[in-house]
1. Using a 10 Å cut-off on Cβ to Cβ distances, tally the other chain neighbours for every residue of A:50-61 and report the average as a whole number.
2. Subtracting the Cα-Cα distance from 0.36 nm times the residue separation, let me have the gained length for A:ARG108 to A:ARG3 in nm, one decimal.
3. Write out the trypsin sites (Lys or Arg not before Pro) in region A:1-63 meeting two conditions: DSSP loop, and at most 10 other Cβ atoms within 10 Å of their Cβ.
4. How large is ³J(HN,Hα), in whole Hz, for each residue of region A:117-122 in order, when computed from phi with the Karplus curve 6.51 cos²θ - 1.76 cosθ + 1.60 and θ = phi - 60°, using x for Gly and Pro?
5. On the first, second and third principal axes, largest extent first, how far apart are the outermost C-alpha atoms of region A:6-77 in Å?
6. Would you work out which of A:LEU46, A:ILE4, A:MET62 lies farthest towards the positive end of the dipole of region A:1-78, given +1 charges on the beta-carbon of Lys and Arg and -1 on that of Asp and Glu, about the Cα centre?
7. Considering every residue in A:82-91, what mean count of other chain Cβ atoms within 10 Å of its Cβ is obtained?
8. Report, in debye and to the nearest 20, how large the dipole of region B:5-131 comes out about its Cα centre when Lys and Arg carry +1 and Asp and Glu carry -1 on their Cβ.
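Every read-out reported here was derived from the displayed coordinates using simple, explicitly stated rules and does not represent laboratory data. From a predicted model like this one, the values you see are computed outputs, not experimental measurements. Because the Cβ atoms are built from the backbone with ideal geometry, glycine has one as well, and the counts that use them run over all protein chains shown.
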Amino acid sequence: MDRIPILRMGKFLLVTIQVDMHDRLAMQLQDDLTTQIAKLQARGVLIDITSLEIVDSFMGRMLVNIALMAKVLDAQTVLVGMKPAVAITLVELGLSLPGIRTALNVDRGMALLQASLSEETGAGEADDAGS
Amino acid sequence: MPVREQIEIHEQSDVVRIRHSVRTLAIELKFSVVDQTKIVTAASELGRNTLVHGHGGRCSIESVEQDGRAGIRLSFEDQGPGIADIQLALKDGYTSGDGMGLGLGGAKRLMSEFEIVSSPGNGTRVSVIRWKP
């Protein structure tokens, strides 16, 4: 069965979605990512959707679920590379992506994850005001 | 104008095929990238509805013309259980499955014209058009 590869970069997981996903593949990714976050004790997930031509309500829900599950497992999710046309369509579709942070590209997304991680460790036990 | 393509919907990969065919036609008709994205997204929502709620069916993809304006028409047909309350089904957030309930209402917003015929036991037919500006 097809799978979307998940790369590990230090404390973060990186996923680049490069295929037009059918629903089962999207569900598989959700399961795989959640499993990997727990197994590798990842603190952040970066999902690159630069190649995605559309995000419909099913894929949107999958992304929201990943972010929610990651949060429960103490990991942040950042979505990067959304095409402007996809963003416009999502809004018109009525889909918001609660709990998902976004960045324009992979570099900025990684910086965002790094920053929130160092903020957390730097601030010790202080409340996480960022989310 | 003749139907350009008919795609049977029996499994998830058929919805992916519909997305590809719809995009190809939208590009040929020179829709903007934003419009292409809206049309393909609507096709994906409606195709999934046909598969999941209608238990499969078929989709026709065609180009249409009216008063010198070009458009793309998508029709989805199934012989599934049908919809008892169409107004309710169109409401955002209403879902009979495990989706977000944005499929029908969302597709309607993304297209210029939207027509649905359905009743319990008689399947569902949804026809949408997006006209070029």
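1. Details: counts 0, 0, 0, 8, 12, 3, 17, 13, 11, 2, 3, 4.
Mean partner-chain Cβ count within 10 Å for A:50-61: 6.
2. Details: separation 105, 0.36 × 105 = 37.80 nm, distance 2.60 nm.
Full-extension gain reported as 35.2 nm.
3. Values: sites: A:ARG3, A:ARG8, A:LYS11, A:ARG24, A:LYS39, A:ARG43, A:ARG61; in loops: A:ARG3, A:LYS11, A:ARG43.
Filter output for region A:1-63: A:ARG3.
4. My calculation for region A:117-122 gives 6, 6, 4, 5, 6, x Hz in order.
5. Answer, in whole Å and largest first: 30, 20, 16 Å.
6. A:LEU46
7. Going residue by residue through A:82-91 and averaging, the value is 4.
8. Numbers: 14 positive and 17 negative charges, 63 e Å.
Result for region B:5-131 is approximately 300 debye, rounded to the nearest 20.
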